[in-house]
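Asker: The structure under discussion is supplied below as structure tokens; questions concerning it will follow.
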Amino acid sequence: MTILVLGLILFLGVHSLRIVAEDWRGKQIARLGELPYKGLYAIASLAGLGLVVWGYGLARAAPIELWNPPSWMRHLAALFALAAFVLVAAAYVPRNRVKAALGHPMILGVKVWALGHLLANGTLADLLLFGGFLAWAVFDYRAARMRDRASGRRGAQGTLAGDAATIALGSIAWVAFAFYLHAWLIGVPAFG
């Protein structure tokens, strides 16, 4: 469990700099330059993610069960994951109304994904992983919206074509992940 916790601290810690140390982050970018800062950020993020994956895999080998969710929660988690994939797609597809309305749909996608998986899984490792990501996403979204209000930033207006592309791309990615990649990458079929 230690490796999972260290990975979460590193990964979520790096991703929390804009929440807790915006000024420090800005000073480091000014001192190092944007590209070197992003390189160090990427290295720390990848190291943290690697530790999270490794630690979660080790924890799954000897699970500590906290609760036993009903089997239908897995289907609810899959539905939440569909919404999460559409939200993540909205972060990248230009001119969609989801991003215009929500501002930071990727962070909301992480919230929805984490909540769904937290409801459907009941081990200590699940609580740490999904609960950690959920807590981070709540605070990160709040901080991002506060930055938006402070700067007067508004999202670009969306179009019907942008909305359709967002829903299609998110849905296609969800189908690929739910029916093929989840079992291959995670070792657990999404449905079954």
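Just so you know, all these numbers are worked out from the coordinates, no wet-lab data involved. As the structure is a computational prediction, the values presented were derived from the model and not from experiment. For neighbour counting, all protein chains shown are included, and Cβ atoms are generated from backbone atoms with ideal geometry for every residue, glycine included.
Asker: Only Cα pairs within less than 10 Å get springs; with that Gaussian network setup on the chain, which residue of GLY26, GLY116, GLY55 has the largest fluctuation?
Answerer: Maximum fluctuation in the GNM of the chain, among the listed residues, is at GLY26.
Asker: Name the most mobile residue of SER171, SER71, SER16, meaning the one with the largest mean-square fluctuation, in a Gaussian network model of the chain with Cα contacts below 10 Å.
Answerer: Among SER171, SER71, SER16, the largest GNM mean-square fluctuation belongs to SER71.
Asker: Hydropathy first: keep DSSP H helices in the chain averaging at least 0.0 on Kyte-Doolittle, then drop any whose Cα extent along the axis falls short of 30 Å, and list what survives.
Answerer: Helices meeting the span and hydropathy rule in the chain are 34-61, 72-92, 124-151.
Asker: Please report, in cubic angstrom per residue, the volume enclosed by the convex hull of the alpha-carbon atoms of the chain. Each step should come with its number before you reach the end.
Answerer: Details: hull volume 24.7 nm³, N = 192.
About 129 Å³ per residue, rounded to a whole number.
Asker: Net charge within 14 Å of ALA120 by Cβ-Cβ distance, Lys/Arg positive one each and Asp/Glu negative one each, not counting ALA120 itself? Write out the running numbers ahead of the final one.
Answerer: Values: positive: ARG74; negative: GLU65, ASP126.
For residues surrounding ALA120, the net value is -1.
Asker: Give the calculated FRET efficiency between THR2 and MET146 to the nearest 0.05, with a Förster radius of 35 Å applied to their Cβ-Cβ distance. Mind dumping the intermediate values first?
Answerer: On the way: r = 34 Å, r/R0 = 0.97.
Taking R0 as 35 Å, the efficiency between THR2 and MET146 is 0.55.
Asker: Would you compute the Debye intensity of segment 1-62 from its alpha-carbon atoms alone, equal scatterers and no solvent, and pass along log10 I(q)/I(0) at q = 0.22 Å⁻¹ to two decimals?
Answerer: Computed log10 I(q)/I(0) values: -0.82.
Asker: Could you pull out which residues in segment 91-110 have an amide N less than 12 Å from a spot 7 Å beyond the Cα of ARG153, following the Cα-Cβ vector?
Answerer: Once the point is set 7 Å along Cα→Cβ of ARG153, 103-105 turn out to lie under 12 Å by backbone N, inside segment 91-110.
Asker: Fewest Cβ neighbours within 10 Å first, please rank MET146, MET73 accordingly.
Answerer: MET146, MET73
Asker: Continuing with the same structure: Label-point separation (nm) for GLU34 and LEU17, each offset 7 Å from Cα along Cα-to-Cβ?
Answerer: Label-label distance for GLU34 and LEU17, simple model: 1.4 nm.
Asker: Turning to a different aspect of this structure: Where does the chain land at 222 nm, in deg cm²/dmol rounded to the nearest 500, when only DSSP H runs of n ≥ 4 count, each adding -39500 (n - 2.57), divided by all residues?
Answerer: Rounded to the nearest 500, it is -25000 deg cm²/dmol.
Asker: Taking neighbour counts of Cβ atoms within 10 Å as a proxy for exposure, in what order, fewest first, do VAL93, VAL188, VAL138 appear?
Answerer: Fewest-to-most ranking of VAL93, VAL188, VAL138: VAL188, VAL138, VAL93.
Asker: Consider a paramagnetic label point 7 Å from the Cα of LEU127 along Cα→Cβ; state which residues of segment 1-33 have an amide N under 19 Å from it.
Answerer: 1-9
Asker: Starting from the Cα of LYS111, draw a straight line to each of the lysines and keep only those under 18 Å, dropping any in the same chain fewer than 8 residues away.
Answerer: Of all the lysines, those that pass the test against LYS111 - Cα under 18 Å, at least 8 places apart if same chain - are LYS99.
Asker: Something else now. Please order THR2, THR123, THR159 by the number of other Cβ within 10 Å, starting at the fewest.
Answerer: THR2, THR159, THR123
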